[in-house]
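Novice: Here's a structure for you.
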Amino acid sequence: MTTIPLPDLRSRIGQEIALSDWVSVTQEMVNRFADATGDHQFIHVDPERAAQTPFGGPIAHGFLTLSLLAGHFMTGGGAPRLEGARMVVNYGLNRVRFISPVPVGSRLRNRAILVGVEDGQGYVQLTVANTVEIEGSERPAATAETVMRVYL
């Protein structure tokens, strides 16, 4: 895990600050997400019916892919440790796009580029451009700017 001192953040604008480990998208993961959200559309949870669609099988929910930005991609070797931070919280999202479907069985990872740093009272606000890549695909699964507050 990389450590970045908070005073060095501005010098890293425009640079990649994280590349996560690969995460396997399993049917169990998709089913648990469906249960948590109540989105049981057949293209996600019914492999037999989903096989009859243009996707050829079940696909992950777009919001499941997006949620990995707050979970697996942050803890799976991708996010740097910010030296001097008391805590980091999600503040919001900008420019979210679901570009390609994610077939169950795919592996995903996130590539993060720092695009902005703003000072606040007792915190620094970071804007990060994320590209969720699908292993073996030229097109990403999703892109999103995340906004985080790093409390000092």
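The values are calculated or read from the model by the stated rules, or taken from the named source; none is laboratory data. Everything numeric in this text was worked out from a predicted model, so none of it was measured. Here the Cβ is made from the backbone with ideal geometry for all residues, glycine too, and neighbour counts use every protein chain on show.
Novice: Can you tell me which residues in region 108-152 are more than 12 Å from the chain's Cα centre (by Cα), outside any strand (DSSP E or B), in contact (Cβ under 8 Å) with a residue 24 or more places away in the chain and more than 16 Å from residue 87 (Cβ to Cβ)?
Specialist: Scanning region 108-152 gives 135, 137, 139.
Novice: Given the structure, is residue 60 under 29 Å from residue 9 (Cα atoms), of a type outside the set (D, E, K, R) and crowded, with 16+ Cβ neighbours inside 10 Å?
Specialist: On the way: under 29 Å from residue 9 (Cα atoms): no; of a type outside the set (D, E, K, R): yes; crowded, with 16+ Cβ neighbours inside 10 Å: yes.
In short, no.
Novice: Please determine whether any residue of region 69-86 is touching a Pro at 6+ places or on another chain (Cβ under 9 Å) and surrounded by 18 or more Cβ atoms within 10 Å (Cβ to Cβ). Walk me through how you get there before you give the answer.
Specialist: Step one: of region 69-86, the residues touching a Pro at 6+ places or on another chain (Cβ under 9 Å) are 82-84.
Okay, now just the ones that are also surrounded by 18 or more Cβ atoms within 10 Å (Cβ to Cβ), so 82.
Scanning region 69-86 turns up at least one residue that is touching a Pro at 6+ places or on another chain (Cβ under 9 Å) and surrounded by 18 or more Cβ atoms within 10 Å (Cβ to Cβ).
Novice: Exactly one of these conditions fails for residue 49: (1) part of a strand (DSSP E or B); (2) farther than 24 Å from residue 146 by Cβ; (3) of a type outside the set (Phe, Trp, Tyr). Give me its number.
Specialist: (1)
Novice: Residue check: is residue 97 under 29 Å from residue 10 (Cα atoms), modelled with pLDDT of 95 or more and charged (D, E, K, R)?
Specialist: On the way: under 29 Å from residue 10 (Cα atoms): yes; modelled with pLDDT of 95 or more: yes; charged (D, E, K, R): yes.
For residue 97, the condition - under 29 Å from residue 10 (Cα atoms), modelled with pLDDT of 95 or more and charged (D, E, K, R) - is met.
Novice: Inside region 97-107, can you point out the residues that are under 22 Å from residue 32 (Cβ atoms) and in a strand (DSSP E or B)?
Specialist: Residues satisfying the conditions are 98, 103, 107.
Novice: Follow-up. Could you tell me how many of the residues in region 108-134 are surrounded by 15 or more Cβ atoms within 10 Å (Cβ to Cβ) and among the charged types (D, E, K, R)?
Specialist: 3
Novice: Cβ-Cβ under 6 Å, sequence separation 6+ or interchain: first residue in region 25-53 and surrounded by 13 or more Cβ atoms within 10 Å (Cβ to Cβ) and aromatic (Phe, Trp, Tyr), partner modelled with pLDDT of 95 or more and not in a loop (DSSP other than H, G, I, E, B). Which pairs?
Specialist: Within 6 Å, the pairs are 33/64; 42/49.
Novice: Going through 4, 43, 17 one at a time, which residue ends up being more than 12 Å from the chain's Cα centre (by Cα) and closer than 13 Å to residue 130 by Cβ? It would help to see each step written out before you state the result.
Specialist: Working: 4 fails: closer than 13 Å to residue 130 by Cβ; 43 fails: closer than 13 Å to residue 130 by Cβ.
It is 17.
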